[in-house]
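Novice: Have a look at the structure that comes next, please.
The values are calculated or read from the model by the stated rules, or taken from the named source; none is laboratory data. Bear in mind that the values here come from a model prediction, so they are computed numbers and not experimental data. Methodologically, a virtual Cβ is constructed for each residue, glycine included, from the backbone with ideal geometry; neighbour enumeration extends over all protein chains shown. In case anyone asks, the SASA skips ligands and DNA or RNA and just uses the protein heavy atoms, side chains included. Shrake-Rupley method; radii C 1.70, N 1.55, O 1.52, S 1.80 Å.
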Amino acid sequence: LPERSNMYDNGRGEDDLVVEYDQGVCSKLKRHAVPLLAATSLVLAGAFLIALYFAIDGKSGGNDVMCPPSSNTGDSDLGDNYNVGADANEKYYENRASPQAFSVDDMVRADRLSGAVVSPDGTRMAFFRRVWSVEFNRSATTLYVTDLPAPTQSTFIPNEGTALTPFFWDASESDACWSSDSTQLIFLSNRVLHSKGSTQLTQVFSVHVDGSELKQLTDYPVAVTSLLWDPTNTVMALSAEIYPGMSMQQSAAHAETVRSGGPRSYLYTKLFVRHWDRWFDGQRSHVFMQLTQVKPGQSVSLSGAAQDLTPQLDADIPTKPFGDRSQWSWSSDGLQFAFVRQYDEDTSVAWNTNLDVFLTSRPDTASVAFSAPVSFTAQNKATDTMPVFSPDGKRIAYLSMAVPGYESDRQRVKVYDTASAELLTLTEQVDLSFSEVAWSSDGSQLYAVALWQARERLYRISSGSASSAQPAELTNQNSVSGLQVLPDDAGIVLSVQSMMFPLQLALWKPSYAAPMPLTAFNHAMSDKVLLSEPEDIWFVGAYDQMVHGFVMKPVIFAPNKQYPVALLIHGGPQGSWDEAFSYRWNPQFYAGAGYAVIMIDPHGSTGYGQAFTNNVTNNYGGAPFYDIMTGLDDVLANNSAWMSSENVVALGASYGGFMINWINGHTTDKFNALVCHDGIFEQHSMMYYSTEEIFFPEHDMLGPEFDNPDTYTRWNPQAFVKNWTTPQLTIHGGLDFRIPETHGIGAFTALQRQGIESKLLYFPLENHWVTNPVNSVEWHHQVLAWIDAHVQKV
């Protein structure tokens, strides 16, 4: 099961667990669903059941296997179409006669930009563009470059830049790094040069900034998963999965032996047994150091073999499941390397959140003889992460939590002096949790991003002392991320997004009223898609504290009509409805389908101060439930002219799914129907003893289940199933190891046994999220059909 580093950047890698379709099999499944399912459960238990969705209809008592439309080519051979369709989505919108309300089709067709890096001379920006084809059920990620405005330039026309790598379906590229002279880049790609759309294990490639000299630099027997070049271009750090104590070659041979007929069992002596969506098989992600050379006018070349930085270490660098090169940093002279790791070699990894920053060095730029890594954060038993060297290489800024075992503690900005070992906490008195940090060019300031009241905002912090470190807010609209500071502090390239538009790349300067757009992707879509403007709301919630949320009108709105209401409940529980564009839970989908949309950030949400976030501890169905119900009543009362209180549905995922199950046991006539995606159903054996990262329940339920069972019982939806009456669609992924599939099956069983109208939608190859676009489309179609069947629409 391939590891997914994140949900955006990896081209078809985002769709690692792709459901393969066979139209002939599907047509037979439609005729013989029940006997085939019974036979499959006996004969193919544990195997990947290709081309199978389950939509089990409790109302009719029938079992229907959901298959794709016959026009979908799935993963059949594309033949000569391997490079056709890079602009297919743009043409799709250009051919649309008139604007239409936003739909799931628009959501999956949107271009996704990622990985922006500015050239050292500040004149260009490289980035990646991912597209997905509805027609081919394929994705492709391509490396682009575009010029940046000159420092004195006041206007700029957003553009789509120039593709540096040839487009073809299934291409996956990431982790671009510039040469110090700004003339070429290295990056990761799975392409096979001079071949019609063929792919291979991801390797390191190089290309000149004009698109010439595209070369494959490495040919390792294992895939490269992260890449970071040092500023002197003499060594690149890269990560790959190996077995501790084995070389790349030995690891590849051992993995092949296991795949081709080795042992089919694993003996575990510690946790994790499985993590996120992957069973642990002994492989670890390690950092390797590979010497490089860049001669004037020539392409990058390699020297010697890649050296494992920690060959015997039974731990992952970067951390799993979501760690990437943001956990690494090079000093400006290329002699020091900082990285983050977890203590995976100890079974306590499952119940602690201790990440540490380590530092290693080499004697000169011709060497890969790095010193034994030493942590400078070892005294802190909570999370320390995302180190960033200062421009002079003498200090390291990083993010740090203070509460062990709590993954939602406030992240403070700290600075470590590598010479004196002095450690400053710059934001101890600031009630913001920062998510990333970058240095100003002269090292006197830090730029950082933090969520505040549903917007990811840009802040400036003095790096000199804790007393002077009062952040200055630089942006307050939309959400920003991905900071890239230009030379001489001429500005900051960053990503900007909102509920009204997908992520674009932009330039912020102090003189600008708002970040200036640099890219122009998705403009064809925005011209032909109708959206609803989110409106901020505030109301008095639990503890007489103000609670925030958003309300959206239906896209096609008439003030004299009554519209059904969709209440969306976020996960976490320490999460938020951010002012950002989502490719999963996008409120525009419901507004486009004719619903009024309500989103509430109850107690436990992030972005309103740490005390507000902490109020969900031992309070899962308390204050948050009160906030959600009170907020719903408040919004319905204030908008009764156009919101129908008789036609209300609620939908939630993860903790939001817990809340759906909780709502069904604590309300009777408030909702017409409910939708629970990968939600908690049972807190004892199904959750505490079956999840992987047990620090979640141990913190939120005040200890292990065996020490504090009463708390787990208090907030256990399963204890209230006798009160369930509301029709419910339950959805679950077969590879969800965070909240395992038995929760969904258990909830469906409770509904069925009591004769409550219900359905179970099961995705065997999805994890806690639905990331495959075809599956996402099916998810949205099923959800909309369910809620539409239970309300009266205008």
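Novice: Under 6 Å between Cβ atoms, which residue pairs at least 6 apart in sequence (or on different chains) link something in the range 558-571 that is over 20 Å from Pro624 (Cα atoms) with a partner that is of a type in the set (A, V, I, L, M, F, W, C) and assigned to a strand (DSSP E or B)?
Specialist: Correct list of pairs: Tyr563/Ala596.
Novice: Just to be sure before I move on: is Thr617 open to solvent by 30 Å² or more (accessible area, probe 1.4 Å) and more than 25 Å from Asp111 (Cα to Cα) in the structure I sent? Full working, then the answer.
Specialist: On the way: open to solvent by 30 Å² or more (accessible area, probe 1.4 Å): yes; more than 25 Å from Asp111 (Cα to Cα): yes.
Considered against the rule, which asks whether it is open to solvent by 30 Å² or more (accessible area, probe 1.4 Å) and more than 25 Å from Asp111 (Cα to Cα), Thr617 comes out as yes.
Novice: Mind checking which pairs have a first residue in the range 295-307 that is of a type in the set (Val, Ile, Thr) and a second that is outside any loop (DSSP other than H, G, I, E, B), Cβ under 7 Å, 6 or more apart or different chains?
Specialist: Val300/Gln184; Val300/Ile186; Val300/Ser206; Val300/Thr292
Novice: Another one. When the range 399-420 is examined, which residues are found to be open to solvent by 60 Å² or more (accessible area, probe 1.4 Å), over 27 Å from the mean Cα position of the chain (by Cα) and touching a residue at least 12 places away in the same chain (Cβ under 8 Å)?
Specialist: Ala419
Novice: Next question, about the same structure. Out of Ser139, Ser98, Ser114, I need the residue that is modelled with pLDDT of 90 or more, closer than 30 Å to Trp786 by Cβ and in a strand (DSSP E or B). Which one? I'd like the intermediate steps shown before the answer.
Specialist: Values: Ser98 fails: in a strand (DSSP E or B); Ser114 fails: closer than 30 Å to Trp786 by Cβ.
Among Ser139, Ser98, Ser114, only Ser139 is modelled with pLDDT of 90 or more, closer than 30 Å to Trp786 by Cβ and in a strand (DSSP E or B).
Novice: Filter the range 266-281 down to the residues that are at pLDDT below 95 and over 22 Å from Glu741 (Cα atoms) and list them by number.
Specialist: Residue satisfying the conditions is Leu267 alone.
Novice: If Val783 satisfies every condition in (1) more than 30 Å from Met643 (Cα to Cα); (2) open to solvent by less than 20 Å² (accessible area, probe 1.4 Å); (3) among the aliphatic types (A, V, I, L, M) but one, which is the exception?
Specialist: Val783 satisfies all of (1) more than 30 Å from Met643 (Cα to Cα); (2) open to solvent by less than 20 Å² (accessible area, probe 1.4 Å); (3) among the aliphatic types (A, V, I, L, M) except (1).
Novice: Is one or more of the residues making up the range 588-596 over 21 Å from Asp544 (Cα atoms), buried (at least 23 other Cβ atoms within 10 Å of the Cβ) and among the polar types (S, T, N, Q)?
Specialist: Within the range 588-596 (the criterion being over 21 Å from Asp544 (Cα atoms), buried (at least 23 other Cβ atoms within 10 Å of the Cβ) and among the polar types (S, T, N, Q)), the answer is yes, since at least one residue qualifies.
Novice: List the residue pairs whose Cβ atoms are under 8 Å apart, where the first residue sits in the range 517-532 and is on the phi > 0 side of the Ramachandran plot, the second is in a loop (DSSP other than H, G, I, E, B) and open to solvent by less than 60 Å² (accessible area, probe 1.4 Å), and the two are 6 or more positions apart or on different chains.
Specialist: These pairs meet every condition: Asn522/Ala110; Asn522/Asp111.
Novice: Quick check, is Gly282 open to solvent by 70 Å² or more (accessible area, probe 1.4 Å), more than 24 Å from the chain's Cα centre (by Cα), on the phi > 0 side of the Ramachandran plot and not aromatic (Phe, Trp, Tyr)? So that I can check it myself, show each step before the final result.
Specialist: Values: open to solvent by 70 Å² or more (accessible area, probe 1.4 Å): no; more than 24 Å from the chain's Cα centre (by Cα): yes; on the phi > 0 side of the Ramachandran plot: yes; not aromatic (Phe, Trp, Tyr): yes.
Criteria not met by Gly282.
Novice: Still on this structure, please answer the following. If the requirement is being more than 19 Å from Leu188 (Cα to Cα), of a type in the set (Val, Ile, Thr) and in contact with a strand residue (DSSP E or B) (Cβ under 8 Å, 6 or more places away or on another chain), which of these qualifies: Val224, Val273?
Specialist: Values: Val224 fails: more than 19 Å from Leu188 (Cα to Cα).
The match here is Val273.
Novice: Which ones in the range 235-257 are farther than 22 Å from Ser303 by Cα, open to solvent by 40 Å² or more (accessible area, probe 1.4 Å) and of a type in the set (Ser, Thr, Tyr)?
Specialist: Thr257
Novice: Quick check: anything in the range 541-548 open to solvent by less than 60 Å² (accessible area, probe 1.4 Å), under 29 Å from Arg738 (Cβ atoms), modelled with pLDDT of 95 or more and assigned to a strand (DSSP E or B)?
Specialist: At the first step, the residues of the range 541-548 found to be open to solvent by less than 60 Å² (accessible area, probe 1.4 Å) are 541-542, 547-548.
Cutting the leftovers down to under 29 Å from Arg738 (Cβ atoms) gives us 541-542, 547-548.
Next, from what is left, pick out any that are modelled with pLDDT of 95 or more: 541-542, 547-548.
With the extra rule that they be assigned to a strand (DSSP E or B), the set shrinks to 547-548.
Yes, there is a match, as at least one residue in the range 541-548 is open to solvent by less than 60 Å² (accessible area, probe 1.4 Å), under 29 Å from Arg738 (Cβ atoms), modelled with pLDDT of 95 or more and assigned to a strand (DSSP E or B).
Novice: Then there's this: Only one of these conditions is not met by Trp276: (1) open to solvent by less than 20 Å² (accessible area, probe 1.4 Å); (2) in contact (Cβ under 8 Å) with a residue 40 or more places away in the chain; (3) closer than 23 Å to Trp229 by Cβ. Which number is it?
Specialist: All conditions are met except number (3).
Novice: Could you pull out the residue among Phe156, Phe128 that is open to solvent by 20 Å² or more (accessible area, probe 1.4 Å) and of a type in the set (A, V, I, L, M, F, W, C)? Walk me through it before giving the result.
Specialist: Numbers: Phe128 fails: open to solvent by 20 Å² or more (accessible area, probe 1.4 Å).
It is Phe156.
Novice: Could you say whether any residue in the range 149-156 is within 26 Å of Gly491 (Cβ to Cβ), touching a Ser or Thr at 6+ places or on another chain (Cβ under 9 Å) and touching a residue at least 60 places away in the same chain (Cβ under 8 Å)?
Specialist: Yes, because at least one residue in the range 149-156 is within 26 Å of Gly491 (Cβ to Cβ), touching a Ser or Thr at 6+ places or on another chain (Cβ under 9 Å) and touching a residue at least 60 places away in the same chain (Cβ under 8 Å).
Novice: Among (1) assigned to a loop (DSSP other than H, G, I, E, B); (2) open to solvent by 40 Å² or more (accessible area, probe 1.4 Å); (3) hydroxyl-bearing (Ser, Thr, Tyr), there is one condition Ser303 misses while meeting the rest; what is its number?
Specialist: Of the numbered conditions (1) assigned to a loop (DSSP other than H, G, I, E, B); (2) open to solvent by 40 Å² or more (accessible area, probe 1.4 Å); (3) hydroxyl-bearing (Ser, Thr, Tyr), the odd one out for Ser303 is (1).
Novice: May I pose another question? Within the range 242-295, which residues are under 30 Å from Ala369 (Cα atoms) and touching an Asp or Glu at 6+ places or on another chain (Cβ under 6 Å)?
Specialist: Pro244, Gln283, Arg284, Ser285, His286, Phe288
Novice: For the range 549-562, which positions are among the aromatic types (Phe, Trp, Tyr) and open to solvent by less than 10 Å² (accessible area, probe 1.4 Å)? Show your work before the answer.
Specialist: Of the range 549-562, the ones among the aromatic types (Phe, Trp, Tyr) are 550, 557.
The answer is Phe550, and nothing else.
Novice: Further, regarding this structure: Looking only at the range 697-718, decide whether some residue is touching a residue at least 40 places away in the same chain (Cβ under 8 Å), touching a strand residue (DSSP E or B) at 6+ places or on another chain (Cβ under 8 Å) and among the aliphatic types (A, V, I, L, M).
Specialist: Among the residues of the range 697-718, not one is touching a residue at least 40 places away in the same chain (Cβ under 8 Å), touching a strand residue (DSSP E or B) at 6+ places or on another chain (Cβ under 8 Å) and among the aliphatic types (A, V, I, L, M), which makes the answer no.
Novice: Within the group Gln312, Gln327, Gln342, Gln336, which residue is out of contact with any Lys or Arg (no Cβ under 9 Å at 6 or more places or on another chain) and of a type outside the set (A, V, I, L, M, F, W, C)?
Specialist: When all the criteria are applied, what remains is Gln312.
Novice: Suppose we filter Ser285, Ser326, Ser332, Ser251 for residues that are polar (S, T, N, Q), modelled with pLDDT of 95 or more, part of a strand (DSSP E or B) and in contact with a strand residue (DSSP E or B) (Cβ under 7 Å, 6 or more places away or on another chain); which single one remains?
Specialist: On the way: Ser326 fails: part of a strand (DSSP E or B); Ser332 fails: part of a strand (DSSP E or B); Ser251 fails: part of a strand (DSSP E or B).
Matching residue, one of Ser285, Ser326, Ser332, Ser251: Ser285.
Novice: What is the one condition in (1) under 30 Å from Gly85 (Cβ atoms); (2) open to solvent by 30 Å² or more (accessible area, probe 1.4 Å); (3) of a type in the set (Lys, Arg) that Arg191 does not satisfy?
Specialist: For Arg191, the failing item is (2).
Novice: Being assigned to a strand (DSSP E or B) and out of contact with any strand residue (DSSP E or B) (no Cβ under 9 Å at 6 or more places or on another chain), is that true of even one residue in the range 462-475?
Specialist: Checked the range 462-475: no residue is assigned to a strand (DSSP E or B) and out of contact with any strand residue (DSSP E or B) (no Cβ under 9 Å at 6 or more places or on another chain).
Novice: Residue under question is Ala306, and the condition is that it be in contact with a Lys or Arg (Cβ under 7 Å, 6 or more places away or on another chain), under 26 Å from Gln249 (Cβ atoms), modelled with pLDDT of 95 or more and small (Gly, Ala, Ser); does it hold? Break it down into steps so the answer makes sense when it comes.
Specialist: Working: in contact with a Lys or Arg (Cβ under 7 Å, 6 or more places away or on another chain): no; under 26 Å from Gln249 (Cβ atoms): yes; modelled with pLDDT of 95 or more: yes; small (Gly, Ala, Ser): yes.
When the stated conditions are applied, Ala306 does not pass them.
Novice: Would you check if Gln203 is in contact with a strand residue (DSSP E or B) (Cβ under 9 Å, 6 or more places away or on another chain), open to solvent by less than 40 Å² (accessible area, probe 1.4 Å), without any contact (Cβ under 8 Å) to a residue 60 or more places away in the chain and over 21 Å from Asn772 (Cβ atoms)? Quick ask: steps written out before the conclusion?
Specialist: Working: in contact with a strand residue (DSSP E or B) (Cβ under 9 Å, 6 or more places away or on another chain): yes; open to solvent by less than 40 Å² (accessible area, probe 1.4 Å): yes; without any contact (Cβ under 8 Å) to a residue 60 or more places away in the chain: yes; over 21 Å from Asn772 (Cβ atoms): yes.
Taking the combined requirement at face value, the residue satisfies it.
Novice: Let me ask another. Pick from the range 758-785 the residues that are assigned to a strand (DSSP E or B) and either in contact with a His (Cβ under 9 Å, 6 or more places away or on another chain) or at pLDDT below 95 (or both): which of them is nearest to Arg109 (Cα to Cα)? Lay out the reasoning, then the answer.
Specialist: Narrowing the range 758-785 to residues assigned to a strand (DSSP E or B): 758-763.
Adding the requirement that they be either in contact with a His (Cβ under 9 Å, 6 or more places away or on another chain) or at pLDDT below 95 (or both) leaves 760-763.
On the way: Leu760: 27, Leu761: 24, Tyr762: 24, Phe763: 21 Å.
The extreme case among them is Phe763.
Novice: I'd like the full set of residues that are crowded, with 19+ Cβ neighbours inside 10 Å and assigned to a loop (DSSP other than H, G, I, E, B), limited to the range 288-298.
Specialist: Initial filter on the range 288-298 (crowded, with 19+ Cβ neighbours inside 10 Å): 288-290, 292, 294.
If the condition is that a residue be crowded, with 19+ Cβ neighbours inside 10 Å and assigned to a loop (DSSP other than H, G, I, E, B), then Val294 is the only one that fits.
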